[in-house]
Amino acid sequence: MYSILSRYLPGRVAGTLTAFWYVFLALLVLYYAFLPSGQFRYAHW
Amino acid sequence: MLVLHTIVFFSLLLLVPAAWLLPERWQISAISLLTAAFLLYVAPISALMLLLTAAASYWVFKSAWLRPAGAVLLAIGQAVAVWMVFKSEWPTHAGWWTQVGVPLGLSYYTFRQIHYAIERYKQTLPHHTWADYLRYLFFLPTMLVGPINRFPDFLRDVRRRRWDAALVSVGLERVLYGYVKVVVLGNALFTNHLGHLLTALEPQHPALATYLGILRFAGNAYVQFAGYSDIAIGLSLLLGFRTGENFAAPFLAPNLNDFWKRYHISLSQWCRDYVFSPLLSLTRRPMLAIAASMLVLGLWHEWSGRYLVWGALQGLGILFWHQYQKFAEKRPNVVPVLPVWLGVFLTLHFYCFSCVIIREPSWQAVAHTFYRLLS
């Protein structure tokens, strides 16, 4: 993400936006991972 | 069955510190020993099966009684036999092993062992020991859900790996993206929310609900599997290993041939190297080699009639595309060249519709699904 953003934005802005992006995704995963709808088990291949 | 979080937390809390904080000569062995301990704890039978088949596929080449050709046949034979016993869905399938269940990661390590046996027979492997081979097979990030990484690549990384903060950053990013695919897109969106939506839609619009259900199954399978692969690749990077990509936007492929170069790449490449290329060399008949490759690719998932037919359909699809290409080149005025968007649309739908065969539990259910689609 940072490598894409840093092409168009100053390094510090790109870094901050990337950090927010990761926090947003992590919170999204945590929210769903602890709901029954997000529970996941390895498929048995 | 294992919860994803267990593997990820185990890797982050134990494997990654062990891989970098221990003295260098102990690092790789520590990864393998921790993997073995993990497997012994969650699935002891799986650990035993992996160890036994690994021993058989390695030590058979040390036998003074066997020639190399006999050794490679025996190594492949034992791996395939074990795999067939546990992965068979034929009507005759019944025995004590049905109580045991399928050993974790069986399909992956069976193909890794076959790869090892063939490459060892061809004498293309770099110098290695029994411990190196065990380290290759007992590598937690890729052990259970692939990709089917290759032994020479693994050995190269064992020798070259160095701490690299940029690589660790990329690894953490891949694990996060993998989690998003599996938990948010796969489980929450495709499986649950879309599932509820289709259940509500079914009474009024059964054909539309069936159609969307078919797309949902293929989409869900893709995001889940791509998510596992991202997590496996990310965890490998955290340990200093570069595992090859397993997916490259397959649903944007303009034809089925291209699709199978982008979907489950490590399996497609395995089939290319160990089924397609040898058969092509032997018979000089590319169509036969393609058909055989796709049959093996289908049966890898499960030794059953439905996966046989599914694999055959993929093979027929690729053969049809090759014939169409040849015909279009010969008669450009008669046969139109498909625009890319139409190729993408047709490829996506061919794949999704073929997956009805593996989604439904019986042939009657498959027929019923298509009947509902047309009703």
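Dividing the Cα convex hull volume of the protein assembly as shown by residue count, how many Å³ per residue is that?
It is 189 Å³ per residue.
With N set to the number of residues, divide the alpha-carbon radius of gyration of the range B:1-50 by 2.2 N^0.38 Å and report two decimals.
Relative to the rule-of-thumb radius for its length, the range B:1-50 sits at 1.19.
Farthest toward the dipole's positive end in the range B:250-374, which of B:Val275, B:Pro286, B:Ala312, given Cβ charges of +1 (Lys, Arg) and -1 (Asp, Glu) about the Cα centre?
B:Pro286
Please find, in a Gaussian network model of chain B (springs between Cα atoms separated by less than 10 Å), the residue of B:Glu245, B:Glu329, B:Glu173 whose mean-square fluctuation is greatest.
For chain B, modelled as a Gaussian network with Cα springs under 10 Å, the answer is B:Glu329.
Can you list residues from other chains, or at least 5 along the same chain, whose modelled amide H is less than 5 Å from the amide H of B:Leu104?
Answer set, sorted by chain and number: B:Ser46.
Strictly over 25 Å apart at the Cα level, which of B:Lys122/B:Lys326; B:Lys181/B:Lys261; B:Lys62/B:Lys122 would you flag in this model? Provide the component values of the computation, followed by the final result.
Details: B:Lys122/B:Lys326 35 Å; B:Lys181/B:Lys261 21 Å; B:Lys62/B:Lys122 15 Å.
Long pairs (Cα-Cα over 25 Å): B:Lys122/B:Lys326.
Mind computing the radius of gyration and Dmax over the alpha-carbon atoms of chain B? Å is fine for both.
Radius of gyration, then largest Cα-Cα span, for chain B: 22.1, 71 Å.
Hey, what's the Kirkwood Rh for the range B:1-87 if you take every pair of different alpha carbons, in angstrom?
Result for the range B:1-87, one decimal place: 15.2 Å.
Return the distance in nm (one decimal) between the two label points of a simple spin-label model at B:Lys326 and B:Ala248, each offset 7 Å from Cα along Cα→Cβ.
The two pseudo-label positions are separated by 2.6 nm.
From Cα pairs below 8 angstrom and at least 6 apart in sequence, can you work out the relative contact order of chain B, rounded to a whole percent?
16
Considering only the other residues whose Cβ falls under 14 Å of the Cβ of B:Leu167, what net charge follows from Lys and Arg at +1 and Asp and Glu at -1?
+2
Compute the Rg to Rh ratio over the range B:165-238 from the alpha carbon atoms, using the Kirkwood formula for Rh, and round to two decimal places. It would help to have the intermediate numbers written out before the result.
On the way: Rg = 15.8 Å, Rh = 13.2 Å.
Rounded to two decimals, Rg over Rh is 1.20.
With the calculation restricted to Cα positions, what are the radius of gyration and Dmax of the range B:250-374 in angstrom?
When restricted to the Cα atoms of the range B:250-374, Rg and Dmax are 15.5, 45 Å.
In Å, what is the Rg of the alpha-carbon atoms in the range B:98-164, and how long is Dmax?
13.2, 45
What FRET efficiency comes out for the pair B:Gln204/B:Ala166, r = Cβ-Cβ distance, R0 = 56 Å, nearest 0.05?
My answer for the efficiency is 0.60.
Read-outs: derived from the displayed coordinates by stated rules, not from any lab. Quick caveat, the model's predicted, so the values are computed rather than measured. Don't worry about glycine lacking a Cβ; one is built from the backbone with ideal geometry, like all the others, and counts go over all protein chains shown.
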